[in-house]
Amino acid sequence: MSHPSPRKRCCASAHDRISEAPVNIHPPAAGNLRVVQWATGNIGSRSLRAVIEHPRLALAGLYVHTSDKVGRAAGELGGSAIATAVRATDDIDEILSLDADCVLYMPRVLDAAEVCRILASGTNIVTTSTAFHHPPSMDRDLCARVEAACWAGGASIYSTGSSPGFISEAIPLALLSLQRRLGLLSIDEYADLGHRDSPAMLFDVMGFGRSPADFPRGRSEHLGTSFGPSLRLLAEEMGTPLDSVVADGEIAVARRTTDIAAGTLAAGTVGAQRVTVSGVRGGETLLRFRATWYCTRDLEPDWELRDTGWHIEADGDAPLDIDIRFPVPVERMTSTFPAYTANRAVNAVAAVCAAPPGIRTTTELPPFGATLA
């Protein structure tokens with residue numbers, strides 16, 4: 001059987017790629033799947049705990065980036081009371097020698113060389129990195145390197161999380177199953193960040209509290225890169241590929257000086273930001289993702305804001321208007337919110353381990369849920 005080259009697979013549609021792919025060269029063994037947790041930040045530590053406590057996963061190893069975590073017990077880093085003999089290491093060779101079924105890859109920054117080493121060793125990857133949601137949208141060289149590593153090791157890789165992932169792919173695909181005609185599918189994400197005690201993230205990275213002139217305008221591009229692939233994936237699944245993806249951003253300033261959990265938000269500085277990512281076909285917006293993040297509701301201009309959550313509207317022959325809210329009290333937000341991203345990644349492990357080699361997408365994997373017992 002002849003196989004297409006990795007570069008051809010990167011340029012092909014999702015349907016072409018799945019039909020051409022061979023079966024997994026190294027299918028998972030019977031019994032619990034052996035999983036490595038890679039990195040233990042906010043999302044990674046929650047994922048680690050979920051693996052330790054999962055009835056059908058077994059923690060095989062734990063990779064960390066900081067020396068102060070090396071040698072510490074996995075249960076301690078994951079916040080689990082269940083005893084495990086696994087201790088953290090920063091030795092990649094040690095991790096690869098474990099011959100695990102899957103790595104839950106969750107570092108702050110994607111390292112392509114690491115990813116390729118893991119895949120070429122025969123270990124599948126589920127990652128919360130946004131790099132792999134739609135292979136044809138990827139950087140050509142990165143896509144080719146990763147696909148080659150997948151085929152060398154007979155492994156697959158899948159990107160997912162809460163947003164992008166669950167809200168930009170899994171939920172829209174279900175809602176689109178009700179439609180035969182679609183004018184616009186719009187997804188709005190709202191996040192009240194005033195209670196988040198993360199000054200470095202809010203002020204330094206996201207640009208809250210800066211003067212409008214100093215706001216990092218690259219935020220729109222970043223969101224376009226993160227969510228555009230999901231929109232393209234949805235459009236291709238409907239048989240209506242997008243002509244383009246356009247990202248636009250706007251800001252609103254705080255009317256008065258306000259104290260938030262991360263510090264002080266001065267009057268006249270950025271208090272809210274909105275990025276709209278539009279999937280365009282035939283000159284009209286067919287799919288749209290819009291993120292509205294704010295640290296105060298007292299804004300100029302006066303934006304219409306919702307509580308933290310998602311709002312979805314489908315303007316089709318089966319119209320829909322749906323709110324998804326997070327009933328989490330302020331004091332529990334920091335400890336609860338990582339679950340939305342980590343849990344979906346953990347729940348994807350079995351499906352990814354059973355998938356053919358290559359970069360896999362939500363439209364290629366079977367629907368997956370939670371195994372609780």
Practice task
Using only Cα atoms, figure out Rg for region 253-373 and give it as a multiple of 2.2 N^0.38 Å.
Solution key: 1.42
Practice task
Mind telling me which of V352, V280, V103 comes out most flexible in a GNM of the chain, alpha-carbon contacts under 10 Å?
Solution key: V280
Completion exercise
For region 237-373, the charge dipole (Cβ of Lys, Arg +1; Cβ of Asp, Glu -1; about the Cα centre) points to a positive end, and the Cα of V277, I359, G249 closest to that extreme belongs to I359
Fill in the blank from the handout: Computed on Cα atoms, the radius of gyration and Dmax of region 130-217 in angstrom are 18.6, 50
Problem - Computed FRET value (nearest 0.05) for R180 with R217, which takes r as the C-beta separation and R₀ as 45 Å - result: 0.70
Practice task
At 7 Å along the Cα-to-beta-carbon direction for both E53 and A85, put a label point, then send me their distance in nm to one decimal.
Solution key: 2.4 nm
Handout entry: Magnitude of the charge dipole, region 66-168, Cβ model with Lys/Arg +1 and Asp/Glu -1, debye to 20
Key = 240 debye
Handout entry: Distance (nanometres) between label positions extended 7 Å along Cα→Cβ at I92 and A112
Key = 1.4 nm
Fill in the blank from the handout: On each of the three principal axes the extent of the alpha-carbon atoms of region 262-304, given in whole Å and largest first, is 45, 20, 14
Exercise for the section: For region 292-318 and region 155-172, write down the distance between their C-alpha centroids in whole Å. Expected result: 22 Å
Practice task
With a 1.4 Å probe and every protein chain kept in, tell me what percent of the accessible surface of region 35-181 is carbon plus sulfur.
Solution key: 48 percent
Fill in the blank from the handout: Taking only C-alpha positions in region 41-98, Rg and Dmax in angstrom work out to 10.7, 30
Handout entry: Filtered trypsin sites (Lys or Arg not before Pro), region 214-284: DSSP coil and at most 13 other beta carbons within 10 Å
Key = R217, R256
Problem - Sites matching GluC sites (Glu not before Pro) across region 299-373 that sit in DSSP coil, with at most 14 neighbouring C-beta atoms within 10 Å - result: E304
Handout entry: Listed candidates [x] 5, 24, 34, 25, 11, 2, 0; [y] 5, 20, 28, 24, 16, 7, 1, 0; [z] 5, 23, 30, 27, 13, 2, 0 - label of the one calculated as P(r) over Cα pairs in 10 Å bins from 0, in percent
Key = [z]
Handout entry: Helical contribution to [θ] at 222 nm, DSSP H n ≥ 4, -39,500 (n - 2.57), averaged over the chain, rounded to 500
Key = -7500 deg cm²/dmol
Completion exercise
Charge dipole of the chain built from unit charges on the beta carbon (Lys, Arg +1; Asp, Glu -1), centred at mean Cα; most positive-end Cα among I95, T308, I187 is I95
Exercise for the section: Send over a whole-number figure in Å² for the accessible area per residue of region 288-332, probe 1.4 Å. Expected result: 56 Å²
Practice task
Write down Rg/Rh for region 183-315, rounded to two decimals, with Rg from the C-alpha atoms and Rh from the Kirkwood relation over Cα pairs.
Solution key: 1.02
Fill in the blank from the handout: Quick calc, region 167-251, dipole around Cα centre from Cβ unit charges on Lys, Arg (+) and Asp, Glu (-), nearest 20 debye, gives 160 debye
Handout entry: Rule-of-thumb Rg ratio for region 38-183 [Cα; 2.2 N^0.38 Å; N residues]
Key = 1.15
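Roughly how many debye, to the nearest 20, is the charge dipole of the chain about its Cα centre, given +1 on each Lys and Arg Cβ, -1 on each Asp and Glu Cβ, and no other charges? Walk me through the numbers on the way to the answer.
Values: 34 positive and 43 negative charges, 95 e Å.
My answer is approximately 460 debye.
The values are calculated or read from the model by the stated rules, or taken from the named source; none is laboratory data. On a predicted model such as this, the values are computed, not experimentally measured, just so you know. A quick note on method: Cβ atoms are made from the backbone with ideal geometry, for glycine too, and the neighbour counts reach across all protein chains shown. The accessibility values were calculated without ligands, DNA or RNA, using every heavy atom of the protein model including side chains. Shrake-Rupley method; radii C 1.70, N 1.55, O 1.52, S 1.80 Å.
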